[in-house]
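Here's the structure we're looking at; comments come further down.
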C-alpha cells in the first residue's frame, strides 16, 4: 500500500490562461513531485481549474446543487493525499471564485489533508492574504496547511527566494503526505468530527446509533411492545 | 399505488400577468383543486403548514375537514404538520377529530418545516428542532394508543393521568409519515415505529433520496416490521405537462424562473437534469416518474407539487386533467405490473388498520364514564378502561 502513488490535487483559481496563479501552483506541484520521487514515491497529479467550474458556481452557492463538473472536482478532492490551493488576489483577499469554490464544499470533505496555500497578486501589498485570510478558511475546513505559505508578486517570479520558499513548502507537503496523517484521522478518529448524513462528498454514510438523539428517535430508553 | 397532489399553500404573484390572488381566493381555489383531484381519479391531497404570509395554511385540519366533507374517496393529509412547534397534545386532538369527521380518509406527515422564525413564535428554540421533533412524536404516539398517559419530557409540561380526546376513530391511530431530506434520526424514528417515510424529492438530487430511503428500509427491517422492500415509502415530485416538451417548457418557464425557492438560480433544463422535476410531454413525464422506482424500490404514494409559484388556478386544473387523464392511468398500470407481489400496493388505509387490529371483530367504541361533577372522569375515563372505576357512595 505504501507504494501507491500520492494523489496530489492542484486547485487553481487563476482567471486567465496562462496565469501567474497557475504558474505558481504548477511550479510548486512539479517541485513536490520531484521531491516525492526522491523519496521513492510516484505522484498522480490532478488539476482543478476553478475557472472551468464557474458556470456551475452560482447554483452551488444558491441551492447546493452541484453540477457534473463540480461533482467530478469533489470526487477528486475526496481521494487527494495532498492539495495545492492557489488563488489570485485582486482586492485584499483571495478571489471570489477561489473562496466560493471552497465555501460550498462539505465541511468535512478535507479533514486532515495537507495543503499548500499559495497566492499571487499584482503588488506585494497583498502579501499577508495567505497567512491572515486563506489560512483561517483552511483551518475552518480542518485541513493541515503547511507552515510555509507561498505568495508571489510580479517581482518574486524571478527571485531565487521564491524558489526556495516553493522548495520548502513542497518538502513540508511531501513529509505530511508521507506521514499518512489524513488517512489515520479518517481511520481512527473520523467519528469525533461533525458530519451530516451524505456529507464528505457523499462518502459519509455511516450512522452512529449510540447517541442521545438516536435513543430519543427510538422512544427514549423505553421500547413499547 | 396512490397518486395525489401536495400544496405548499403559497400565495405568489403570477409572473406572467402580474396578478396576486387574495388569501380568500387561494383558500377557495385550493378546495376547488382538491375536489378536482378526486374528480380526475387521483387519491390524495396534502397541504403544508405555515404561519406567515405569503402562505395561508396555518390551520390544516380545518381546511382538510372541509375538503373531506366535500369529497367521497379522497385521502386528506399534510405535507407537513410541524411536529416541532405544535404541542403534540393538540396534534393528537385535532387530527383525531379530523379522522372522525373524514371517516378515516386521512393520515398525516410530520416534518420540521423550512421556516426558522416559526420556532420563537411558538415559544420554541430552533437549536432544539431535532430533539423536539423526536420527543414530540414519542408523546403523540402514546397519546393515540393509551387512554391514560403519564409522561415527562424535556420540552413541554409533564402530563399526569391525561386522556387525549376524542380517542382515534375505532381506536385505531391515524397512519403517520415522517418527512425528512437528510436527517437519519427521523428515518430511524419512522423505522422504529413502523411508520411511513416520505422523501421531499423536490429540492435535492436523487442520490440524497436514494440514500435516505435505503437507510429507512434497512432499519424498518431491523425493527421487525417486515422486510426492507415492504417499508412504506412516499415521494414528492413536481410536474408540468404540455402537448409537446417545448410547449410544456415554454409555459412553465416563467413560473420556474420566478419560483420563490429555486427561482433566479439554476435553469429549468439544469434543474430538470439534476432533480426529479418532470416538465415535458405526457410521455416524457411518464418516463421520468417511472424512473423513481428504479432508485427507491416499489413505493406506495407519489405526491406532486403543481399549484405553486403563481400558477393560475385554471392552469392547475388543466394540469390535473392531464395528470389524472393521461399520465397517472399509465403509471398505475405500468407500476402495478412491475410491483413485487410481497410489497403492499398502497399505504395502510383506515380500513386496513382496523382489520389488522380487530380482524372480523367489532372495533372498540370508547364511551366515557360519567362526569364526576368536576368535569373529569378520573384515571379510568372509559367504561371499558382497565382499572376500577371509582364508586362514589350515595349519601
- Task: Measure nothing but the geometry: give the 0 to 90° angle between the long axis through the Cα atoms of B:23-39 and the longest principal axis through the Cα atoms of chain B, rounded to 10°.
- Result: 90 degrees
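Across peptide A:60-69, what mean number of C-beta atoms from other chains lies inside 10 Å of a residue's C-beta?
Details: counts 2, 1, 5, 9, 3, 11, 2, 4, 3, 0.
Mean partner-chain Cβ count within 10 Å for A:60-69: 4.
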- Message: So for chain B, averaging the separation of alpha carbon pairs under 8 Å that are six or more residues apart and normalising by length, what relative contact order in percent results?
- Response: 18 percent
- Any chance you could give the angle, 0 to 90 degrees and rounded to 10, that helix A:20-38 forms with the longest Cα principal axis of chain A? 80 degrees
- What's the FRET efficiency of residue A:131 with residue B:283 using the Cβ-Cβ distance as r and R₀ = 56 Å, to the nearest 0.05? 0.40
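Report, for the protein assembly as shown, the % of DSSP beta bridges that are antiparallel, rounded to 5.
On the way: 7 of 62 bridges.
Bridges in the protein assembly as shown that DSSP calls antiparallel: roughly 10 percent.
Give me the extension gain from residue A:158 to residue A:187: residue separation times 0.36 nm, minus the current Cα-Cα distance, reported in nm with one decimal.
Details: separation 29, 0.36 × 29 = 10.44 nm, distance 4.29 nm.
My answer for the length gained is 6.1 nm.
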- Item | chain B - mean residue ellipticity at 222 nm from DSSP helices (-39,500 (n - 2.57) per run, n ≥ 4, rounded to 500) | -12000 deg cm²/dmol
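Hey, can you rank B:48-60, B:128-140, A:168-180 by average C-beta count inside 10 Å, highest first? Mind dumping the intermediate values first?
On the way: B:48-60: 17.3, B:128-140: 22.4, A:168-180: 19.9.
Descending packing order for the listed peptides: B:128-140, A:168-180, B:48-60.
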- Extending each Cα 7 Å along its Cβ direction at residue A:47 and residue B:18, get the distance between those two points in nm, one decimal. 5.2 nm
- Based on the Cβ-Cβ distance of residue B:122 and residue A:37, what FRET efficiency does E = 1/(1 + (r/R0)^6) give at R0 = 51 Å, to the nearest 0.05? 0.20
- Query: Most exposed first by the Cβ proxy, i.e. fewest other Cβ within 10 Å, how do B:145, A:135 rank?
  - Reply: B:145, A:135
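For chain A, give the share of DSSP beta bridges that are antiparallel, in percent and rounded to the nearest 5; count only bridges with both residues there.
10 percent
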- Task: With both partners inside chain B, how many of the DSSP beta bridges are antiparallel, as a percent to the nearest 5?
- Result: 15 percent
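Please compute the length gained on full extension between residue B:253 and residue B:334, using 0.36 nm multiplied by the number of residues separating them and subtracting their Cα-Cα distance.
Values: separation 81, 0.36 × 81 = 29.16 nm, distance 2.93 nm.
Extra length from residue B:253 to residue B:334 when fully extended: 26.2 nm.
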- In whole percent, what relative contact order does chain A give with Cα contacts below 8 Å and a gap of six or more residues? 21 percent
- Query: By count of other Cβ within 10 Å, fewest leading, how are A:24, A:141 ordered?
  - Reply: A:141, A:24
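Over the whole of B:181-193, what's the average partner chain Cβ count within 10 Å per residue? Rounded to a whole number, please.
Numbers: counts 2, 4, 4, 11, 10, 2, 3, 7, 6, 1, 2, 6, 4.
Whole-number average of other-chain Cβ neighbours for B:181-193 is 5.
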- Query: By how many degrees, 0 to 90 and rounded to 10, does the Cα axis of helix B:313-322 deviate from the longest principal axis of chain B?
  - Reply: 90 degrees
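Read-outs: derived from the displayed coordinates by stated rules, not from any lab. All values reported here derive from a predicted model rather than from experimental measurement. Quick reminder, even Gly has a Cβ in these numbers, built from the backbone with ideal geometry, and neighbours come from all protein chains shown.
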